[in-house]
Amino acid sequence: MTENNNNDNTGDGANQRVVGTPTDTADVVTEVPAGAESEHNGPYLASETHPRGEEQQRRGEKIASLWFILAFLGGIGFIVSYFLFPPTAEGPAIADPQISQYSNMLLGGTLTVALFGIGAGMTVWARNIMPHYEVASPYDEMPSKEEEKSSFSDFFMKSADESGITKRPLMRRTLIAAMLPLGIAPIVLLRDTGPVPGDLMKHTRWADGMRMYVEGTHRYIRAEDLENDPYGMISALPALNDEEYPHGISLNDQAKSVILLIKMPEDDWKDGMDSPVREGSDETHLNWTHQGIVAYSKICTHVGCPAALYERTTHRILCPCHQSTFDAADAAKVVFGPAHRALPQLPIGVDDEGYLVARGDFNEPTGPTFWEYAKD
Amino acid sequence: MSKTTQAPKALRGVGNFIDDRFHLAKTGEKNLRKVFPNHWSFMLGEIALYSFIILLVTGVFLTLWFKPSMVEVVYDGSYERLQGVPMSEAFASTLYIDFDVRGGFLVRQIHHWAALIFLASLVVHMLRNFFTGAFRKPRELNWIIGVLIFALAIVEGLFGYSLPDDLPSGMGVRILQGVMLSIPLVGSYISMFLFGGEFPGEDIITRLYMLHVLLIPAILLALIVAHVFIVWIQKHTQYPGQGRSEKAVVGTPMFPGFAVKAGGFFFFTFAVIAGLSAFVQINPIHLFGPFTPTSITSGLQPDWYMGFLEGSLRLFPNTLDFQIFGYPILTSVLVPGLGAMGLLFGALGAWPFIEQWITGDKAAKNMADRPRNAPVRTALGVAGITVYGVLWLAGSNDVLSETFSISLYLTTYIFRVLVFVGPVVAFIVTKRICLGLQRRDRETLEHGYESGTVQQLPSGEFIEVHKESSEDTVAVLESKPVITSTALEEDATDEKGVENPAARKPMGKFRRALAHWYTKDNVSFDGVQAHTGHHLHHSADHGDDKAH
Ligand code: HEM
Ligand code: FES
């Protein structure tokens, strides 16, 4: 078939084909002759190539072209869909989630058609027009010949000796020494990426007398609120009013000081409540409650998800991340799951006006357990 | 061919321009002639490559609008439901991409789907290489590059997932920070330095962004280029068959056949990703809402490739935690959070060398193994998949517990058992299947295949007629390598009855035990001749037979 390509040396210059123009072979029917094997049909040995019959090639061309036309239409469709819905407008605009969905489907659908059409067309082309053959190509012998290797190592060692690096240890060692500080420098430069932990993670802004807000609101909480709460549980934050933050409290402070307030009948307390809140402390977990209300850190001591699920009947707090389960009636001890330690507890009471307040900071650092959490 | 063909003038001009400057004609031709074996499983790596390209292109598009900033703003954009809600600029700008940029939603979806498919194709591609022994010499280093790509891709995906700062993504970052904090001695320092202070701080998105769009993609790109380049010079492995050998690779040349097929395949891959993005919505961050450290929804599912870590965090109990001098050693976080990753990538990276140490086989291997012909390796691989699968399922035990109405804690206990029992069962079953297939192969080789035609013998007995297998099948069957180990040869004492000293040391003994385990069960094809209907010794089921 190369004969028909018009780009062999014998052809005169005027007949040379420009890339991208169709060949003039379409009307030359070349049914594969029986002896095709002996003729040259491609860049590879005749014995290796199996040209497709002209009939098949023609059909292939038609089908491939159909796919390409479909792809073309898909591409046009994509551009049209882009302009169909403006970002914001009186009428349908993508600002509306529903329209945004439609827009997404239209754009994505047309894009899919365009891409699929090209892929399918190319596959048809490869399967029906290109001759099929497999050729063999030798794997390279990996190891070099012995002579090559020894020649290389001779050269390398001679040159190294020539440079003096092997014979001048003082120079060699001082050079290495000179590099060392520079190697460490980039790590030193990272020092200012953050503060050293120090005590930062050990304290929160809860303090004696600080009132609490229902999480997400600016509403103070009274003890009675818990009686009426259908879940017997309220998620609360310290009543801070930092101007810079939309919520009046930074995310950092939210992350470490959020608490669960839980109310339960006082008979339900278990023995753990009588143990000291900290080693050597004479305060007990029970002392830190107020009329059956207890406040625990809401942040799981495993790796820090909010332990937000509370089951009123069993007094269990469940962290949805890895299902650490804490017994709210028993000083929030871990009863199941991977968490290392109980949820920290916040001492609470009420102020003169009857609002719930903190009586100090947590007994332990809140959040995921870390190496030095138990040290002062 | 008597006539020399020549390229059209325009092409020749370009070619000469380049060749005048780089002297590339010969190299160029050699590379156009590069041979690509034809097998569907060789396309898995291509999917990975193409989805990576898609990730690069769509990622750049997203950077045009995405603001990697944690400054809290009150949203006042097009999406009505969240108006007035405080959120980070990162989240607000992602909403902007969704609801103010035409095609933005689509490109985000494509980026995310491409990430899922990228990781999935990496895994499957890696399994193909494992089960066919394509990691063996001389390709060990490329295997290791592959493992690095896989590890980095997971990190890259996790960081990308974190960028929009929506509720689930923020939870992912929180878990990451919790895992960091568990590291003995330096955990809190690492966390403080990475986050620029306490969690969540105001820097983390900016920093993850830098890692996600610059540092990690650059490293990934370099690794992927190196990976493909090495395949290019070492050439592909190939499956056994007629005319295939260790010496030469058989397949379609780069130009024109492979180029067109691969080009088409790129478009198919992209079409599938685009189709999914159009019709299967993932990560609708506008429904999740912005991250706050205090709230969570249950049933949160991370991207699939993080599932096994999530699962191992769920399964590992706190009973092995202990204290030294009042400092906690948090095995409940360290083992599943870091150990699981370390074990996965460590084992993958080390396996080529372990296998080589066991067998002592230092020869270069260009022929892919049929998985059944390396039963222990295959069984180990399936056992590995089983552990991974159990952990992965355990990552959604809450969903499972709800769907099947079993107690949540019970699912945990079941998974804890399965994680140990599963791989053992998988190993045994897989090995059996492999040996069964080997036996069937030997049958086929000896008797041909069962034609399905039943014939009655003059004696009245019915038999099924066996037909001769094709030459290709015979070549495939006869390619079965004999699995031996040099350790077993060392086993033997020499003529004077002196034991090999290396074999007596504990390491030598250990190696010999492993070698025995690795080679002992194998159906020997010794003396089997194609279509003879019999083979020389029927009892040669044991690898030991080969050791004499
Ligand atoms: C292996 C490569 C990559 C993976 C696995 C990956 C993965 C992800 C994922 C899962 C997301 C979350 C998408 C979502 O919101 O649903 C994401 C977001 C993003 N990625 Fe990538 N990505 C890769 C490469 C890149 C590159 C090379 C760039 C830029 C040059 C980029 C730019 C971004 C940006 C700007 C976002 C945030 C915007 C958004 O979430 O809408 N990514 N990436
Ligand atoms: S974060 Fe609560 S169980 Fe893991």
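The values are calculated or read from the model by the stated rules, or taken from the named source; none is laboratory data. Everything quoted here is computed from the prediction, not taken from an experiment. Here the Cβ is made from the backbone with ideal geometry for all residues, glycine too, and neighbour counts use every protein chain on show.
Structure notes:
- For B:Leu158, the stated conditions hold: it is under 26 Å from B:Pro290 (Cα atoms) and either surrounded by 23 or more Cβ atoms within 10 Å (Cβ to Cβ) or touching a helix residue (DSSP H, G or I) at 6+ places or on another chain (Cβ under 8 Å) (or both).
- B:Thr237 vs. criteria out of contact with any Leu (no Cβ under 6 Å at 6 or more places or on another chain) and either over 30 Å from B:Gly133 (Cα atoms) or within 9 Å of chain A (Cβ to nearest Cβ) (or both): no
- Some residue of region B:162-180 being away from ligand 2 (no atom under 16 Å from the Cβ) and under 20 Å from A:Thr193 (Cα atoms): yes
- Pairs meeting the criteria (first residue in region A:196-216 and farther than 8 Å from A:Ala358 by Cα, second residue polar (S, T, N, Q), beta carbons under 7 Å, at least 6 apart or on different chains) are A:Pro197/B:Ser188; A:Met201/B:Ser188; A:Thr204/A:Ser257; A:Thr204/A:Thr366; A:Arg205/A:Ser257; A:Glu215/A:Ser235; A:Glu215/B:Thr294.
- Any hit, region A:194-212, residues being of a type outside the set (Lys, Arg) and part of a helix (DSSP H, G or I): yes
- Residue count for region A:86-119 under the criterion of being over 20 Å from B:Trp113 (Cβ atoms) and either surrounded by fewer than 18 Cβ atoms within 10 Å (Cβ to Cβ) or more than 7 Å from chain B (Cβ to nearest Cβ) (or both): the result is 11.
- Residues satisfying the stated conditions in region B:401-418, i.e. modelled with pLDDT under 95, touching a helix residue (DSSP H, G or I) at 6+ places or on another chain (Cβ under 6 Å) and among the hydrophobic types (A, V, I, L, M, F, W, C): B:Leu408
- Only one entry in B:Leu221, B:Leu215, B:Leu208, B:Leu194 is loosely packed, with under 15 Cβ neighbours inside 10 Å and closer than 30 Å to A:Val196 by Cα, namely B:Leu215.
- Identity of the residue in region B:295-315, more than 8 Å from every other protein chain (Cβ to nearest Cβ) and part of a loop (DSSP other than H, G, I, E, B), that ends up modelled with the lowest pLDDT: B:Gln301
- Members of region A:120-148 found to be surrounded by 20 or more Cβ atoms within 10 Å (Cβ to Cβ) and among the hydrophobic types (A, V, I, L, M, F, W, C), listed by number: A:Ala120, A:Met122, A:Val124, A:Trp125, A:Ala126
- Scanning region B:284-302 for residues that are on the phi > 0 side of the Ramachandran plot and buried (at least 20 other Cβ atoms within 10 Å of the Cβ) returns no hits.
- When residues of region B:108-133 are limited to those that are small (Gly, Ala, Ser) and buried (at least 22 other Cβ atoms within 10 Å of the Cβ), the one nearest to ligand 2 (Cβ to nearest atom): B:Ala115
Here's the yes/no breakdown for (1) within 16 Å of ligand 2 (Cβ to nearest atom); (2) part of a helix (DSSP H, G or I); (3) under 30 Å from B:Val123 (Cβ atoms); (4) touching a residue at least 60 places away in the same chain (Cβ under 8 Å):
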site: B:Ala7; (1), (2), (3), (4): no, no, no, no
site: B:Ile18; (1), (2), (3), (4): no, yes, no, no
site: B:Lys26; (1), (2), (3), (4): no, yes, no, no
site: B:Leu44; (1), (2), (3), (4): no, yes, yes, yes
site: B:Phe52; (1), (2), (3), (4): no, yes, yes, yes
site: B:Leu55; (1), (2), (3), (4): no, yes, yes, yes
site: B:Leu62; (1), (2), (3), (4): no, yes, yes, no
site: B:Val73; (1), (2), (3), (4): no, no, no, no
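- The strands (runs of 3 or more DSSP E) found entirely in region A:260-358 that carry 2 or more residues being assigned by TED's automatic domain parsing to the domain that holds A:Pro238 and within 16 Å of ligand 2 (Cβ to nearest atom) are A:293-297, A:309-311, A:316-318, A:325-327, A:333-336.
- Verdict on B:Ala363 being outside any helix (DSSP H, G or I) and out of contact with any Gly (no Cβ under 9 Å at 6 or more places or on another chain): yes
- When the residues of region B:80-90 are filtered to those that are within 10 Å of chain A (Cβ to nearest Cβ) and either surrounded by fewer than 19 Cβ atoms within 10 Å (Cβ to Cβ) or assigned to a helix (DSSP H, G or I) (or both), the one that is farthest from ligand 2 (Cβ to nearest atom) is B:Glu80.
- Residue in region B:116-124 that is more than 14 Å from ligand 1 (Cβ to nearest atom) and either modelled with pLDDT under 95 or under 29 Å from the mean Cα position of the chain (by Cα) (or both) present: yes
- In region B:303-323, residue surrounded by the most Cβ atoms within 10 Å (Cβ to Cβ) [restricted to those that are more than 13 Å from ligand 2 (Cβ to nearest atom) and under 23 Å from the mean Cα position of the chain (by Cα)]: B:Phe308
- Qualifying residue in region B:420-435 (condition: of a type in the set (D, E, K, R), in contact (Cβ under 8 Å) with a residue 24 or more places away in the chain and under 30 Å from B:Ala515 (Cβ atoms)): yes
- Scan of region B:125-140 for residues that are more than 13 Å from chain A (Cβ to nearest Cβ) and either basic (Lys, Arg) or near ligand 1 (Cβ under 10 Å from one of its atoms) (or both), ordered by number: B:Arg128
- When region B:52-90 is limited to residues that are near ligand 1 (Cβ under 8 Å from one of its atoms) and hydroxyl-bearing (Ser, Thr, Tyr), the one that is farthest from the chain's Cα centre (by Cα) turns out to be B:Thr63.
- Residue within region B:91-99 that is closer than 30 Å to B:Gly146 by Cα and near ligand 1 (Cβ under 10 Å from one of its atoms) present: no
- Residues in region A:224-251 that are more than 14 Å from every other protein chain (Cβ to nearest Cβ), assigned to a loop (DSSP other than H, G, I, E, B) and without any contact (Cβ under 8 Å) to a residue 24 or more places away in the chain: A:Pro230, A:Asn241.
- Scanning region B:415-444 for residues that are crowded, with 16+ Cβ neighbours inside 10 Å and of a type in the set (Val, Ile, Thr) yields B:Val419, B:Thr430, B:Ile433, B:Thr444.
- Hey, B:Ile273 more than 10 Å from every other protein chain (Cβ to nearest Cβ), more than 16 Å from ligand 2 (Cβ to nearest atom) and buried (at least 18 other Cβ atoms within 10 Å of the Cβ) or not: no
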